Every structure is written in structure tokens, then in C-alpha cells.
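So the structure is just underneath, and the comments pick up after that.
We did not get these values from a lab; they are worked out from the coordinates using the rules stated. Source: prediction; values computed, not measured. Here the Cβ is made from the backbone with ideal geometry for all residues, glycine too, and neighbour counts use every protein chain on show.
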Amino acid sequence: MIAEHRTLAAGRWVSLTFMEQMANVGGEVERALNWSERGNQDYSRRAFERALELLDLTLDDSRNRSRAKEIARGREALVDFFQGSNQFGSSVSLWRKYYGAFAFAARRDR
């Protein structure tokens, strides 16, 4: 996978709060869901891959060590939803609610 978020990967990601990081992940998840609903699986896959890249950057951020288990489990469920058999029973509305809460919190904290 090629790094799409080069400036973030270069270090800017750690300047964001956890809520901002997760809200950015949610933006990519939202794009993946929207493109999937529109029938463009290529764009959906690309947005999904960018979401995974951001989740990996979030996991690599040492400030998030206490949240690593939740982040990793969410990443696993996201992969299962987009590329697996959806054994966790996730839905489009679940992902929108989950990441929407981070977007709301990130805006509130500004």
C-alpha cells in the first residue's frame, strides 16, 4: 500500500488529538461507504485503504497506547465489513454512528 497521507505520515498526525485522528479516519470510512453505495467499488476500496492507513498511524502514535486494543479491534471489524464475511455483523449505520461521534467530539473540542 502506498502512503496516501504523506504529510500526516511524516509526523503531522501526532499533532492531532485522538478525537481529530479518529474523525479523520471516519472521513475516509464515510467516503468508502458513499462510494460503495454509488456502486464505485474502486473508489470505495481506495478510501477504505486510506482509512486503514490512518488507523495504522493512530496505532503508531505513542499517546494512544491505552487505546490500542479498541483501535485494533475497530480496524479488525472494519476490514471484516469491507473485505471479509462481516462476521461481526457491522452495518453502514453502525460505522456512521461510531465515527460520527468522533467528528462531533473533535468539533466540540475546538
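Some observations on this one:
- Using 0.36 nm per residue and subtracting the Cα-Cα separation, the extra length available between Val92 and Gln41 on full extension is 16.9 nm.
- Every helix of 4 or more DSSP H residues in the chain counts as -39500 (n - 2.57), and over all residues that averages to -23000 deg cm²/dmol at 222 nm.
- The label point for Ser15 and the one for Val79, both projected 7 Å from the Cα toward the Cβ, are 3.1 nm apart.
- Listed options for Rg/Rh (Cα atoms, Kirkwood Rh) are (1) 1.01; (2) 0.93; (3) 0.95. The value calculated from this structure is the one marked (3).
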